[in-house]
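Contents: one structure, followed by commentary.
Just so you know, all these numbers are worked out from the coordinates, no wet-lab data involved. In this text the structure is predicted, and so the values were computed from the model without any measurement. Note: ideal-geometry Cβ built from the backbone for every residue, glycine included; neighbour counts use all protein chains shown.
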């Protein structure tokens, strides 16, 4: 894992002092809320329905047990004993007092964490593959590249007042576990013909009210030009992205309105100019960062044998573990989606426990996933049973990874000031309807995603089944959509037709899964069947 | 009009800035004011005779002026670069790093707050093309590998 040096630490410490001063000025009445707002937003502090919400960055979703413990400490000391892991691999606290915020940031800084640029119209936390460094299918660890981008994007003088927020994801395998194509910039590391590692750039993806899949704009950017190319992409956006309408201000609209070819031409022109300026850190800097991400000291004699006689353990292993690149090891997924729970929530005690388990079983490392779960990336197979027992005791072993109850849901109207409808109760009711794990496994991989408003924080456009909560004449109404995907088979979901009330949407979900069970052929996932048979049979079942 | 504050030893120019259109139509003007939607590259053929470029920030959240400033400096503009309009103390450090020499804010700026803001961060992560000791300073990655 990356370790701060004196320079990184000094930057984060300076930010804490700056925000302490800004908060003092606000509390003393020297700043109005209007003046304070852009300052607190750059520090991830939102004013929500009931309290301040603080979003803490977890760069590329990687953290160690000490950092995880700090997240538990903050939940306990400053919040109501829990935190909420988000779709951008961050954590949010929903009940924060403004006067505590500087102390929280100071606590975070002691473990090399911060809330810098977790909101505001700037470059946000860089996200990545939660299996980075462990997955058997990656060509390189994408995190050194993400860290290089983190440093470049932190306190960027030119790109801190962009037309709108800006999200970057970096992956390094063909399987896309990070919804890369739905980011403002998606980067896939690849080898070129001569075996050199570089970056393929996709620009202009996104969800929100105008979902778009980012087109490829360059097939190969060499490592020593990465920052030049990113600068070029951002400069064209900063200069020409729309600022007249908040809802048309994301880069996807610019790329769409200019056309991919014209946007690319402008970027290439800027890129040629950037190359003359020497803004890119030398390869030695990427090499320095890469040193921090070396493989842990695996036991090379570890066995691949697993005793699966305990049937509950077997189900969990089948569903929640993933192949590791190292023989004798597995990637273990901790589902934060218990039946009837709030997707992505974890109590302070659970956070502490996951930290302890990471230390004991996973070389001190944890990951946060964009699907709002936690990963222990390097677990010896012979330790899996003991790990599972401890998780199970703490309610952390739902064996439902990528099944229908492993839902993404935004905080919705229970917390969020933008929401039109509640998301959490709908997630809970669907979870209860499909509580039987045998039934869930019968349905197979099924990604269900719920947003409480058109801003799509719950990724409903990318759901095999998507649900969008809207306000219809003062009543919450839920629209159903089918066929989306945030993975390598990326696609945008299509709306089925008129919406449903809260109980009606649960019935509707059941009906479309019945159509799948009826019409599927061998080996087809829900989304495959939908793609093959189209919308009509589903509509017939829902509205016929 | 509020007074112009400078970030460095340069003394503020008292040339009167004209609009971009006015500047391009006149052969003797030495100061110009750029609005966010205008293309600063139109000034590139005329940099040598320009003593002052004012970059207007009608609202602080419109960040196009930062790119305008960077482009001018990257192309060797050596005259005074001044931010005007809705310039707040918390934006000054970024302005300085993008090559601005001075600011004339709509709302008066507190001198001490200005100094605090300009000196807040001990280092920078990015290289920019500014020419002053602070805006042109070496990024962390360069210091790491010296």
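Taking a ≥ b ≥ c as the square roots of the Cα gyration tensor eigenvalues, with a/c under 1.5 meaning rounded and otherwise prolate when a/b beats b/c, else oblate, which class fits the range A:452-544?
Oblate shape, in that a/c is at least 1.5 and b/c is the bigger or equal ratio.
Enter the mean number of other protein chain beta carbons within 10 Å of the beta carbon of each residue in B:58-65, as an integer.
Mean shielding by partner chains, rounded to a whole number: 5.
Counting pairwise Cα distances across the protein assembly as shown, what percent come out greater than 49 angstrom?
In whole percent, the long-distance tail amounts to 15.
Zone of residue A:268 (label point 7 Å along Cα→Cβ, backbone N under 18 Å): which residues in the range A:211-233?
Output list for this probe position: A:215-222, A:225-226, A:228-233.
Rank the residues A:543, A:7, A:530 as a footprinting-exposure proxy: fewest other Cβ atoms within 10 Å of their Cβ go first.
The order, fewest Cβ neighbours first, is A:543, A:7, A:530.
Out of the DSSP beta bridges found with both residues in chain A, what percent are antiparallel (nearest 5)?
80
Once you keep just the Cα pairs under 8 angstrom separated by 6 or more residues, what percentage relative contact order results for chain A?
Normalised by residue count, the contact order of chain A is 13 percent.
Specify whether the C-alpha gyration tensor of chain B places it in the rounded, prolate or oblate class, a ≥ b ≥ c being the square roots of the eigenvalues: rounded for a/c under 1.5, otherwise prolate if a/b is larger than b/c and oblate if not.
Cα axes put chain B in the oblate bin.
Over chain B, what is the mean sequence separation of C-alpha contacts under 8 Å (at least six apart), divided by residue count, expressed as relative contact order in percent?
22
Within a 10 angstrom radius of the beta carbon, how do B:75, A:370 rank from fewest other beta carbons to most?
The most exposed by this proxy come first: B:75, A:370.
What is the Cα centroid distance between the range A:405-475 and the range A:230-303, reported in whole angstrom?
After rounding, the separation between the Cα centres reads 32 Å.
Measuring from centroid to centroid over Cα atoms, what is the spacing of the range A:125-143 and the range B:8-46 in Å?
Cα centroid of the range A:125-143 versus Cα centroid of the range B:8-46: 48 Å apart.
Ranking request for peptides A:160-172, B:39-51: highest mean number of other beta-carbon atoms within 10 Å first, then the rest in descending order.
So the order, starting with the most tightly packed, is A:160-172, B:39-51.
State, to one decimal in nm², a quarter of the convex hull surface area for the C-alpha atoms of the range A:142-289, i.e. the direction-averaged projected area.
Across all orientations, the range A:142-289 yields a mean hull projection of 8.7 nm².
Going by Cα centres, the range B:51-128 and the range A:1-79 are how many Å apart?
When both Cα centres are located, 25 Å separates them.
Between residue A:216 and residue A:5, take the C-beta separation as r, use R0 = 30 Å, and let me know the FRET efficiency to the nearest 0.05.
FRET efficiency, residue A:216 to residue A:5: 0.30.
Sort the range A:405-517 into rounded, prolate or oblate with this rule: let a ≥ b ≥ c be the square roots of the eigenvalues of the Cα gyration tensor; rounded if a/c is under 1.5, and if a/c is not under 1.5, prolate when a/b is larger than b/c, oblate otherwise.
Prolate, since a/c reaches 1.5 and a/b exceeds b/c.
Would you mind giving the mean number of other chain beta-carbons within 10 Å of the Cβ of each residue in A:1-12, as a whole number?
Shielding by partners across A:1-12 averages 2.
May I ask for the equivalent-ellipsoid semi-axes of the range A:19-173, computed as the square root of five times each C-alpha gyration tensor eigenvalue and listed largest first in whole Å?
In descending order, the three semi-axes are 28, 19, 12 Å.
With a point put 7 Å past each Cα toward its Cβ, work out how far residue B:119 is from residue A:522 in nm, to one decimal.
Distance between the two pseudo-spin positions: 7.7 nm.
Nearest-5 percent of antiparallel DSSP beta bridges in chain B?
So the antiparallel bridges in chain B amount to around 10 percent.
Find the Cα radius of gyration of the range A:473-527, compare it with 2.2 N^0.38 Å by division, and give the number to two decimals.
For the range A:473-527, the normalised Cα radius of gyration comes out at 1.32.
Compute the convex hull volume of the Cα atoms of the range A:34-93, divide it by the residue count, and report the result per residue in Å³ as a whole number.
Cα convex hull per residue, to the nearest whole number: 94 Å³.
Per the Cauchy relation, a quarter of the hull surface: what is the mean projected area of the convex hull of the alpha carbons in the range A:152-217, in nm²?
5.6
Out of all Cα-Cα pairs in the range A:245-313, roughly what percent, to the nearest whole number, are more than 13 Å apart?
So the portion of pairs separated by more than 13 Å is 81 percent.
Can you tell me the relative contact order of the range A:1-144? Whole percent, Cα pairs under 8 Å, sequence separation 6 or more.
30
As a footprinting exposure proxy, order A:324, A:191 by other Cβ within 10 Å, with the fewest listed first.
A:191, A:324
Give me the one-decimal nm value for the distance between modelled label points at residue B:146 and residue A:66, 7 Å along each residue's Cα-to-Cβ direction.
2.8
Would you mind telling me the antiparallel percentage of the DSSP bridges in the range A:408-543, rounded to 5?
In the range A:408-543, DSSP labels about 65 percent of beta bridges as antiparallel.
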